[in-house]
Amino acid sequence: MAISTLALLFIAFAAALGACDPSTCTFTHSPNATSQNYPGSPSLNTTAIYPYNISALSDVPIATICTSPTGNRTAELACARTYIDAIDEQLAFLYARRLGYAAVAGASKFATNTSLNDPSRNDVVAAGMAAKVLKYGATEAAGKVMGGEGCMIYAALEYEVETIQQDCDSTFTVDVERVCD
Ligand SMILES: *[C@@H]1O[C@H](CO)[C@@H](O)[C@H](O)[C@H]1NC(C)=O
Ligand SMILES: *[C@@H]1O[C@H](CO)[C@@H](O)[C@H](O)[C@H]1NC(C)=O
Ligand SMILES: *[C@@H]1O[C@H](CO)[C@@H](O)[C@H](O)[C@H]1NC(C)=O
Ligand SMILES: *[C@@H]1O[C@H](CO)[C@@H](O)[C@H](O)[C@H]1NC(C)=O
Ligand SMILES: *[C@@H]1O[C@H](CO)[C@@H](O)[C@H](O)[C@H]1NC(C)=O
């Protein structure tokens with residue numbers, strides 16, 4: 001009896017704050033995040049024409065494919081932009097998927113009253129991305145930016161906060177300080 005009264009009091013208190021019990025907080029994904037909604041998916045009915053099969057990472061060519069044998073710089077620029085547009089489609093998809101997992105991590109940290117921002121984890125992510133980008137053919141410095149040394153980690157943290165506000169607690173705030181603007 002005492003416990004259920006306490007529980008009711010807690011629920012009333014939480015409702016008054018516009019909050020649910022943090023331990024029940026789970027991430028609700030956008031209706032746009034579906035297994036059929038991926039780059040090149042036939043279900044998108046897109047008329048866009050890509051220079052390679054954007055459903056398959058192994059089909060992404062190496063950039064020298066755009067080097068003009070006759071040294072036609074206009075043709076090279078146009079070619080590069082076509083591939084950049086296709087790769088952006090893939091990056092956008094992977095980024096949205098990645099943000100979904102960031103939001104799951106955010107809800108988990110919120111549910112266990114753990115700080116969303118973990119600078120040691122952020123450093124690990126940036127260093128890991130730097131190594132991966134280097135491995136695939138660009139530089140560590142550019143990879144670090146992709147991994148969070150620039151803005152990406154802050155954008156993800158803000159997304160975690162927004163999804164917690166939507167799914168769990170409209171009053172939840174974290175001061176995500178961007179050091180990258
Ligand atoms: C889903 O994608 C469409 C098309 O880009 C967009 O207009 C819409 O706002 C998205 N819906 C949500 C809930 O994000
Ligand atoms: C694609 O076309 C099919 C058949 O016309 C339709 O059922 C589906 O909703 C369309 N998908 C999108 C994303 O517009
Ligand atoms: C593109 O790649 C996907 C994934 O490997 C494959 O399922 C699909 O059949 C390919 N499409 C074409 C047109 O080759
Ligand atoms: C260079 O490429 C552009 C774009 O493909 C083309 O319009 C132009 O005629 C080319 N110039 C020469 C000198 O071949
Ligand atoms: C959550 O953590 C904060 C900071 O460590 C602490 O002040 C607070 O009491 C904790 N709340 C709960 C419900 O454990």
Where Rh is the Kirkwood radius over Cα pairs, Rg/Rh for the chain: 1.11
Distance between modelled label sites at CYS151 and SER30, nm, 7 Å Cα→Cβ extension: 1.6
Cα centroid separation - the stretch 54-92 against the stretch 140-167, whole Å: 27
Those aspartates and glutamates that a straight Cα-Cα span of less than 12 Å connects to LYS109, excepting residues fewer than 8 apart in one chain: ASP118, GLU160
ARG98, ARG73 arranged by Cβ crowding within 10 Å, fewest neighbours leading: ARG73, ARG98
Added length on full extension, which subtracts the Cα-Cα distance from 0.36 nm per residue, THR114 to ALA142: 7.1 nm
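Among SER115, SER55, which comes first, then next, by fewest other beta-carbon atoms within 10 Å?
Neighbour counts put them in this order, fewest first: SER115, SER55.
Coordinate-derived values only; no laboratory data. Predicted model only: the values in this text are computed from it and were never measured. Quick reminder, even Gly has a Cβ in these numbers, built from the backbone with ideal geometry, and neighbours come from all protein chains shown.
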